[in-house]
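The values are calculated or read from the model by the stated rules, or taken from the named source; none is laboratory data. Model, not experiment: these values are computed from the prediction. Ideal geometry is used to build each Cβ from the backbone, glycine not excepted, and the neighbour counts take in all protein chains shown.
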Amino acid sequence: MKAIRIYAYGGPEQLRYEDAPAPTPQANQVLVRVRATSVNPFDYKLASGAFRQMIPITFPYTPGGEFAGVVESVGNGITHVKPGDAVYGNSSMSAYAQFIAAPAESTAAKPNSLSFQQAAGVPVAGQTAWQTLFDHGHLQPGQTVLIHAAAGGVGSFAVQLAHWKGAKVIATASASNAPYLQSLGADQVIDYKATPFDSVVKNADLVLDLLGGDTQTRSYNVLKQGGTLVATAQPPKKEEAAKLNVNAMMMSMKPSIAGLRQLAELLDAGKLKIEVTRTFPLSQAKEAWEYSKSGHTRGKIILEVPE
């Protein structure tokens, strides 16, 4: 099969489009002919060696954590999908290829209303947004949530899900993305280049921090007493949060069939939508990473996989 493989830690220059052995699925896996995958910041952060202490890599390896495609075969005892089914899901890696042996517990039926290219951008970002808002942030109708980097993949889903829940949604983004975020349900969009968000936002119930750094530090002050900050990019300093009597935590997305089914239901009902900002062929994964690393993309970047 054709795949992207990496032989050493580094940046986009390490990506090689080449022939590779097709995977052999195990009992708890689903062999999927991949039609599309997506680019996530985690992909190139992992390849850079940033997580080498927590997630050691055996080279060569194939990056990519999201996929959409058609089931080729299933392991013993797997009944929720069958050969020929259109599916989507996620894996720790290996999605930048024509075939993936994906974990059965994170593979589910593709939303009927989405193309393979659209569906490939949902599993990681969609489940991360859901779990951050509801499983960790416990967002309730009528509460106020501040979502940083709201125009990106996770942020775009978070804005929609929070709006669907009945919360007041405040988003930070560039001014050019304000109309887009308002169309998704944001009640207020703060141009982070022009206005310090902490001069505007007060007494928020929840902050979704997708950036870390100075943004995270300043976010503690916009929370109400007992409010919560949930981070995805950098572990928060809990001692600082404790001084202000707010909660702070780092989340790690845990994929599930139930989570994928919930997202598919909302997508097919028109309650959620996905923005695909640009599509590249798999052979141009290097260019896709460089485009993503520019930091100004809207929604998701998709890689189309040749049949």
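Evaluating Glu18 against the criteria (1) closer than 16 Å to Met93 by Cα; (2) in a strand (DSSP E or B); (3) not hydroxyl-bearing (Ser, Thr, Tyr) leaves one unmet condition, (1). Considering each residue of region 21-37 in turn, at least one proves to be crowded, with 18+ Cβ neighbours inside 10 Å, under 14 Å from Trp289 (Cβ atoms) and at pLDDT 95 or above.
Out of Pro83, Pro56, which single residue is surrounded by fewer than 24 Cβ atoms within 10 Å (Cβ to Cβ), assigned by TED's automatic domain parsing to the domain that holds Ala285 and closer than 27 Å to Leu210 by Cα? Quick ask: steps written out before the conclusion?
On the way: Pro83 fails: closer than 27 Å to Leu210 by Cα.
Just a single option satisfies the conditions, and that option is Pro56.
Checked against the criterion of being surrounded by fewer than 19 Cβ atoms within 10 Å (Cβ to Cβ) and closer than 18 Å to Val222 by Cβ, the candidates Gly166, Gly142, Gly155 yield just one match: Gly142. Could you tell me which residue of region 286-307 is nearest to the chain's Cα centre (by Cα), considering only residues that are loosely packed, with under 14 Cβ neighbours inside 10 Å and closer than 22 Å to Glu18 by Cβ? Within region 286-307, the match that is nearest to the chain's Cα centre (by Cα) is Pro306. Met93 meets all of the listed conditions (1) at pLDDT 95 or above; (2) assigned to a loop (DSSP other than H, G, I, E, B) but one, namely (1).
On the given criteria, is Asn40 among the polar types (S, T, N, Q), in contact with a strand residue (DSSP E or B) (Cβ under 8 Å, 6 or more places away or on another chain), over 16 Å from Lys286 (Cα atoms) and touching a residue at least 24 places away in the same chain (Cβ under 8 Å)?
Values: among the polar types (S, T, N, Q): yes; in contact with a strand residue (DSSP E or B) (Cβ under 8 Å, 6 or more places away or on another chain): yes; over 16 Å from Lys286 (Cα atoms): no; touching a residue at least 24 places away in the same chain (Cβ under 8 Å): yes.
Criteria not met by Asn40.
In region 146-158, the residues that are at positive phi reach residues that are among the hydrophobic types (A, V, I, L, M, F, W, C) and surrounded by fewer than 24 Cβ atoms within 10 Å (Cβ to Cβ) with C-beta atoms within less than 7 angstrom, at least six apart or across chains, in these pairs: Ala149/Leu211.
When you scan region 246-267, do you find a residue that is modelled with pLDDT of 95 or more and among the acidic types (Asp, Glu), even just one? Among the residues of region 246-267, at least one is modelled with pLDDT of 95 or more and among the acidic types (Asp, Glu), which makes the answer yes. A search for C-beta distances below 6 Å between a residue of region 115-133 that is of a type in the set (Ser, Thr, Tyr) and any residue that is surrounded by 24 or more Cβ atoms within 10 Å (Cβ to Cβ) and not in a helix (DSSP H, G or I), counting only pairs 6+ apart in sequence or on different chains, returns Thr132/Leu208; Thr132/Val230.
The requirement of being surrounded by 14 or more Cβ atoms within 10 Å (Cβ to Cβ) and out of contact with any helix residue (DSSP H, G or I) (no Cβ under 9 Å at 6 or more places or on another chain) is satisfied by Ser283.
With the requirement that a residue be of a type in the set (A, V, I, L, M) and closer than 30 Å to Ala151 by Cα, what does region 1-31 give you?
Of all residues in region 1-31, those of a type in the set (A, V, I, L, M) come to 1, 3-4, 6, 8, 15, 20, 22, 27, 30-31.
The answer is Ala3, Ile4, Ile6, Leu15.
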